[in-house]
1. How big is the dipole moment of the chain about its Cα centre under a simple scheme where the beta carbon of each Lys and Arg is +1, that of each Asp and Glu is -1, and everything else is neutral? Debye, nearest 20, please.
2. So how do W261, W318 rank on accessible area, 1.4 Å probe, biggest first, that is with the largest at the start?
3. Which label marks the calculated value of volume of the Cα convex hull per residue in Å³, given the options (i) 178; (ii) 134; (iii) 195?
4. Go ahead and run the numbers for FRET between A53 and T137, Cβ-Cβ distance against an R0 of 22 Å, rounding to 0.05.
5. Return the FRET efficiency for the residue pair N353, T431: r is the Cβ-Cβ distance, R0 is 22 Å, and the value is rounded to the nearest 0.05.
6. Run the quick spin-label model on K329 and A275: label points 7 Å from Cα toward the beta carbon, then report their separation in nm to one decimal.
7. Could you tell me the convex hull volume per residue, in Å³, taken over the Cα atoms of the stretch 408-506?
8. Rounded, prolate or oblate for the stretch 363-402? Axes are the square roots of the Cα gyration tensor eigenvalues, ordered a ≥ b ≥ c, and the cut-off for rounded is a/c under 1.5.
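The values are calculated or read from the model by the stated rules, or taken from the named source; none is laboratory data. All values reported here derive from a predicted model rather than from experimental measurement. Glycine gets a Cβ as well: all are built from the backbone with ideal geometry, and neighbour counts include every protein chain shown. These accessible areas exclude ligands, DNA and RNA; they are computed on the full protein's heavy atoms, side chains included. Shrake-Rupley method; radii C 1.70, N 1.55, O 1.52, S 1.80 Å.
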Amino acid sequence: MKKNNKFRFLAASLLASVFTLSPVFTSCSDDDNDEPNIITGSSVVTDDATALALANDSYGPLQRLSSSFSFVIELNTDRLISFEGTEDKEGPLNSRLEQLEDTWYQRKIFGNLYSSISNDNITIASVDSAFQAGKVTQAGYDAAVGKVKLLRGLSYLYLVQLWGPVPVFTEKGGSTTVRQEIDDVYAQIIEDLTDAEKLLKDYDGDPRIPSKQAAQALLQRAYLAWGDKPLTTAEIEAIKNSQVDPEFRTDPEKLAKSVEWGKKVVASNKLKLAADFSKLFGRDYESNKLKDNEHLLTIAHNGDNEDAQGNHQTHCSWTFPYLNGQNGKTFSENHTEAADDDLYDEWLAKYPNDKRLAKTYIIDAVNPEDGKHYNYYSPYYTPINGKGYDESYENAENLEIKYNSVDRIEIRYAEVLLNLAEALVQLGNSTEAATYFNQLRDRAGIEPIAAPTFQDIQDEWTYEFTYEQKHLLNLYRWKALNKYVLRVKNFKHYPESSVADPNAYPSSEAYAYFQKIHKHLQAKANNVAGKFYRQPIPLGLSKEDLGIRPQNPGY
């Protein structure tokens, strides 16, 4: 019991005095309830039900991040731009690669991941104590501890990929300020996920409940990220001001482990690809409602007033429906926008029959209220993120931005297949990789590739997962951040000539919008450098110094 009280003091102190309440700054955060769930020694586990209830407290901080991940993982790339608020606000700062230690989305993600970890730690210590006292059954212990070990492994995986060496603390102790080496962080991730895999039950069709196969898929993801040899702090220091990407290197032993865990998911026969890609996104399709078993792990949302924070993915992608200056309507900017028409054009030119394209980018939208068409393509606007354009229920495009109730997809079975294909390609086994790779292309209605190359794999990540909060993490793994961001120099609105003639646009508002597109594209190209292989170690949620040293190179 002494050990338990010591831990509770550590965790409660961290939550109360380190990751504390912060004001809300931007529109996608307007409905945030960002006060962490501070659990202290007053929490009592008396039976299986209270054990599981305590475990579920770990979801609150993760719910707050469902859309926030996009404001780092997508905005810091060539894919997305944000005009959420004035140009000095957090969305535009990330869009232009100008984030600093006090930028809100970095602080929010970092702080809430650690809040969830603190809740995980308290759950493990409390449930273990109750189990030893005979208050919790083996089944109750397995369900509660298996769940939070999976969530803790997931949280540390995001932290190490975005920030590199980070503090590690568990129910056994640790430090909230001393940064651990990357290999040590990954070792903790693997330990947690391996334990979770042993404790959890098989996937039963409800992806909101962590399962054995979800743990296996996260082990596959973690080993692939680790196997692609994350950059050391010294390596980033050497390239912090350079726009030349570092050498891509791999660890075959860890890649083989990624393949091993991915094959376990496949061999379980619990998952499959949905027949219709477009029916994976939206409120009426969330969390496997169609029973197609592609959603493997999701974070449940019931709307702003019913959980820690509604999932603003739809809200941010489609903030002001049909307000692009057409059909007598006014003009307003969404919180996140496709970086330019070229993202759609390049895909259309290469694979015009790819069934995923029409769901990923909306260029023509019909307003169900007036039946009129609205064009999302220059000179009116840039394409809409179709995965955030909810078409799954009547008048969804107008209503869902208010309720924000769609669940966030953490893992789809498609990721398991593509991770398998990628690891096999990196190991030199492209023929076997094609077995998994071509399942995605077959569903998309495009031709198979007998022996996919590494570039084919990278392209397939674009076609399958655009705007699903994967892109920056992939660029980190591939050591291709500069390469991809500098692609914006070829985009339609990058050159000064693209905005030289106001008369080329249907209104002054559309012209001002594309001027912003132009400025953000130029800023991305000018600012990208090796230092952005890491995010800045942020201040706390109230802008307090967390005492974590040293800062990442270049910040």
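1. Using only the charged Cβ atoms, the result is roughly 1280 debye.
2. W261, W318
3. From the options (i) 178; (ii) 134; (iii) 195, the structure gives (ii).
4. With a Förster radius of 22 Å, E is 0.90.
5. Efficiency, from the Cβ-Cβ distance: 0.30.
6. 3.3 nm
7. Taking only Cα atoms, the stretch 408-506 has a hull volume of 150 Å³ per residue.
8. It comes out oblate by the Cα gyration axes.
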